[in-house]
Amino acid sequence: MDFGLPRSLGLLSRASRCRKIIHIDMDAFYASVEQRDNPAYRGKPIVVGGRPEQRGAVAAASYEARKFGIHAAMPARTAQQKCRDLIFIQPRFDIYRQVSQQIRAIFHRYTDLVEPLALDEAYLDVTQNKPNIPSAVAIAKAIKREILEATQLTASAGVSMNKFLAKIASGVNKPNGLCLIAPDQAETFVETLPINKFHGIGQVTAEKMRALGIQTGADLKQWSEADLVKRFGKVGRFYYRVARAQDERPVNPNRIRKSVGAENSFAEDLASLDQMFAELERLAQRVAERLDTQKQSGHTLTLKIKYADYQQITRSQTLSEPIREASAIYGLARELLWAHVGDRKKVRLLGITISHLVDASELQYVQLSLTL
Ligand code: DCP
Ligand code: MG
């Protein structure tokens, strides 16, 4: 694969059908847009979203604010305590959406294999690309330049042979960064990576892994696929592969996430309600983590129960207020299970899915406006 490496290397790996993936992520997105449009905010600690007198949370923090330890999802009040001069700005979602359209149009000049993950980030598969540029690093540089020209905003890019590595790479030299993880560096890179830096391993799972003595990719690599699946469910297979720097997930341009869910089937059927509740709590945590990554919440919860005899039921409830927190998800799933699990029946699989998704930061803003 040619990542901007010597040509001979490029030819060698192209023969082995290596892919070239770029992950692009705008820097301090909402905050940078506000600093761009109002010179008074430039060079200052600012946050978008949340008001200290309300219960809201920070959506985006400028790099100047981050020096005080302020970050996204932090309660606005805590943020203000950390920095007295912090400026709070109300979000302008229309503008962020416009910028998002501009950067997506730029991506499509290079490839149609663009998978947006959020307004400010996307995966691009540039193995084959429209301008026929052989070096993926050169494409990443060109895209960053075009974004800066069109929007006066900086982006960071990660370049590698799969999504997992490209996503991590884009965070390495933020802001305005460009990082290549070449195929021959990939395994060593993952081995030294702390477990909490693995994209796809949330806080709860990271803690569970640390309790098992897994601190880095090298530790994770010690585990067999079967043991990881036993401990973590199906997603254990993903952990096994990424510990080896492998990730075959294609860049999917048509992907529209309509739901977020997690399920687990058990080596031994669950016979008691207590066991099922404990399992639901774990599932709720996982779903909440995923919603958090996607910055979404949802109106409908669906509980899936598969019994020991393989009979399967699903039960849904739709709420007027969307939910995203683990405790709320667990509470509702527990109620549904309580109401619907059959007496004296053993359960071999449980699943929780949240659908009718909405953008969490936008929603929080609407709620705040209503309470003013
Ligand atoms: N966002 C949000 N709530 C969060 C996280 C993010 O509303 N908990 C919004 C505001 C961010 C935008 O999504 O500006 C992009 O999210 P990122 O995680 O990419 O964060 P930033 O772009 O702000 O910063 P970074 O430079 O770390 O990418
Ligand atoms: Mg970003």
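The values are calculated or read from the model by the stated rules, or taken from the named source; none is laboratory data. Note that the structure is predicted; figures quoted are calculated from it, not measured. Note that each Cβ is placed from the backbone with ideal geometry, even for glycine, and that neighbours are counted across all protein chains shown. Note: areas computed on protein heavy atoms with side chains; ligands, DNA, RNA excluded. Shrake-Rupley method; radii C 1.70, N 1.55, O 1.52, S 1.80 Å.
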> Out of all the residues in the range 105-141, which are open to solvent by less than 10 Å² (accessible area, probe 1.4 Å), in contact with a helix residue (DSSP H, G or I) (Cβ under 8 Å, 6 or more places away or on another chain) and in a helix (DSSP H, G or I)?
Replying inline: I106, F107, I139
> Out of all the residues in the range 302-316, which are crowded, with 17+ Cβ neighbours inside 10 Å and either hydroxyl-bearing (S, T, Y) or more than 19 Å from Y330 (Cβ to Cβ) (or both)?
Replying inline: T302, K306
> Which one of these does R92 not meet: (1) over 30 Å from P131 (Cβ atoms); (2) open to solvent by less than 20 Å² (accessible area, probe 1.4 Å)?
Replying inline: (2)
> Inside the range 142-177, can you point out the residues that are open to solvent by less than 10 Å² (accessible area, probe 1.4 Å) and not in a helix (DSSP H, G or I)?
Replying inline: L153, A155, S156, A157, G158, V159, S160, N162, G177
>> Restricting to the range 237-275, name every residue that is assigned to a helix (DSSP H, G or I), crowded, with 18+ Cβ neighbours inside 10 Å and not hydroxyl-bearing (S, T, Y).
In response: F238, V242
> Residue check, K295 against (1) on the phi > 0 side of the Ramachandran plot; (2) more than 23 Å from the chain's Cα centre (by Cα), all met but one. Which one?
Replying inline: (2)
> Using beta carbons and a limit of 9 Å, which pairs, at least six apart or on different chains, have the first residue in the range 193-208 and open to solvent by less than 50 Å² (accessible area, probe 1.4 Å) and the second one part of a loop (DSSP other than H, G, I, E, B) and modelled with pLDDT under 90?
Replying inline: I195/I201
